[in-house]
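Trainee: Would you mind keeping the following structure in view while I ask a few things?
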Amino acid sequence: MTETDEGAYAGALAEYSALRSEITTRINLQHQVLALHMTAVSVVFSVALSGKDPWPVLLVIPFISYASSEILASLFRAVEGIAKYINEELSPKVPGGLGWESWLVQQKPDSEVRRMTHPYYLLFPGISIVSLVAIGSLAWTGRENTHQHSAYFWIVAFARPLAAAFALLSFKAIRRLRAPF
């Protein structure tokens, strides 16, 4: 091995180390997004269940799910992009290559059923759908004859389609993930 090869090898390993640290940071951020999402949804459901007429607060859940799923998707894309760079640019510079990134880039869900039953679908669009169903059932059964004149009724009537759009967008964000699941 020549001195130039050793310098390229050492430089590639140093860059690899820094990029692996970046991947680790992004994975930790993914875990934090998941924890924050579950906490926020739990708090909103707790508020909705504890009050006299608080069900319109459930309209916030699809937005929370959408924002969280988009952040999670961007973190996944960043990890995948870094892994692709390591696999294509740095791995050829190291004798024997670098293994984890090539494994990550090659992973694909083995079936559509497995992909669609991943817990992320329950955590993001699934919980949005649950909140939309709860809003509908609470809005129309919680008030006998007065719901037509209630401000809550009109809030739900106008905000529910927007919340449904956020639920769909969170589904699309999770669908775009190409993580190994």
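The values are calculated or read from the model by the stated rules, or taken from the named source; none is laboratory data. Given the structure is predicted, the values throughout are model-derived calculations rather than measurements. Ideal geometry is used to build each Cβ from the backbone, glycine not excepted, and the neighbour counts take in all protein chains shown. These accessible areas exclude ligands, DNA and RNA; they are computed on the full protein's heavy atoms, side chains included. Shrake-Rupley method; radii C 1.70, N 1.55, O 1.52, S 1.80 Å.
Trainee: Could you check segment 7-56 and list, in sequence order, the residues that are open to solvent by 70 Å² or more (accessible area, probe 1.4 Å), touching a residue at least 24 places away in the same chain (Cβ under 8 Å) and within 22 Å of Ala163 (Cα to Cα)?
Mentor: Leu36, Met38
Trainee: Right, here's the next one. Quick check: anything in segment 103-120 farther than 24 Å from Pro161 by Cα, at pLDDT 75 or above and open to solvent by 50 Å² or more (accessible area, probe 1.4 Å)?
Mentor: So far as segment 103-120 goes, yes, one or more of its residues are farther than 24 Å from Pro161 by Cα, at pLDDT 75 or above and open to solvent by 50 Å² or more (accessible area, probe 1.4 Å).
Trainee: Could you check, for segment 57-70, whether at least one of its residues is part of a helix (DSSP H, G or I), loosely packed, with under 13 Cβ neighbours inside 10 Å and at pLDDT 90 or above? It would help to see each step written out before you state the result.
Mentor: As a first pass, look at segment 57-70 and keep what is part of a helix (DSSP H, G or I): 57-70.
From the residues that got through so far, the ones that are loosely packed, with under 13 Cβ neighbours inside 10 Å too are none.
No, because not a single residue in segment 57-70 is part of a helix (DSSP H, G or I), loosely packed, with under 13 Cβ neighbours inside 10 Å and at pLDDT 90 or above.
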